[in-house]
Amino acid sequence: YCYDVSVEKIIDGESAAVGDSIPFKIILHNEGPDAVHLIEVTDYFPAGMLYGGSYTATTGSFDGTIWSVDSLVQNESDTLFASLVVTAMGTLTNEVEVTAMEEVDFDSSPGNAVYSEDDIANDCITIPIEICEGKTIDIDLTAASGYYTYNWYKDGVAISGATEQNYTITSIGSYYYSTGGHPDGQCAGILDCPVVVRYKECCTQPVCQPITTSN
């Protein structure tokens, strides 16, 4: 059996705060012909994200990691709706992958040796990193590896001299990077969700104060 299936992951929102519940959806599509055996979509929640615990889907079942779909006819799309809970600050990327179980996907492994980008999908979300006012900011960032060129930006403006894979944030702002060229032929890219650093007011534990009264 052979078919050509693809997957897409969409997180509803570009930014959030720790503790927020964020809706997301996974879209599974079959270019054809009919897929009549099991298809599995694996959701790789990263550190800092947890499955929200409930879902609805046009077909199949989801255990919080794997969405199992028994069959998918040609040119049909099925969608899973669920939510994730944010547990950490930073830029978090959530990846999903569709896998052939008893059939061969025309353009993906393990069906054959040819890799297809539409078999893996991801989306990201920004959770601002909050620093207490007056504290020193020292946050190390590392871009994706292997590219020929790197350029870092702060608040949409290129940072002079910031052209290495690594960059250290020392002030509040919104940071992202772009890349160019890769020996494996991967396309140039840009960080979709910036790293946002901002100050917050941090109150110390209240201290009991004395008072004197008189008549």
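Odds and ends about this structure:
- Checked against (1) open to solvent by less than 60 Å² (accessible area, probe 1.4 Å); (2) over 30 Å from residue 129 (Cβ atoms), residue 49 passes all but a single condition, namely (2).
- Any chance residue 111 is over 30 Å from residue 198 (Cβ atoms), in a loop (DSSP other than H, G, I, E, B) and at pLDDT 95 or above: no
- Of all residues in the stretch 1-45 being within 13 Å of residue 75 (Cα to Cα) and hydroxyl-bearing (Ser, Thr, Tyr), the one that is most open to solvent (accessible area, probe 1.4 Å): 6
- Condition check for residue 100: farther than 20 Å from residue 10 by Cβ, modelled with pLDDT under 95 and open to solvent by less than 40 Å² (accessible area, probe 1.4 Å): yes
- Residue 154 meets the conditions (1) of a type in the set (D, E, K, R); (2) open to solvent by less than 70 Å² (accessible area, probe 1.4 Å); (3) touching a residue at least 24 places away in the same chain (Cβ under 8 Å) in every case but one. The failed one is (3).
- Residue match in the stretch 59-82 (condition: closer than 29 Å to residue 129 by Cα and either at pLDDT below 95 or buried (at least 17 other Cβ atoms within 10 Å of the Cβ) (or both)): yes
- Scan of the stretch 27-56 for residues that are of a type in the set (A, V, I, L, M) and assigned to a strand (DSSP E or B), ordered by number: 27, 28, 35, 39, 41, 49, 50
- Restricted to the stretch 66-91, and to residues there that are within 13 Å of the chain's Cα centre (by Cα) and among the hydrophobic types (A, V, I, L, M, F, W, C), the residue that is farthest from residue 38 (Cα to Cα) is 89.
- In the stretch 164-198, residue modelled with the lowest pLDDT [restricted to those that are over 24 Å from the mean Cα position of the chain (by Cα) and open to solvent by 60 Å² or more (accessible area, probe 1.4 Å)]: 183
The values are calculated or read from the model by the stated rules, or taken from the named source; none is laboratory data. Note that the structure is a prediction, hence the values are computed from the model and not measured. No Cβ is skipped: glycine too gets one built from the backbone with ideal geometry, and neighbour counts run over all protein chains shown. Remember, those area values only see protein heavy atoms, side chains included, never the ligands or the DNA or RNA. Shrake-Rupley method; radii C 1.70, N 1.55, O 1.52, S 1.80 Å.
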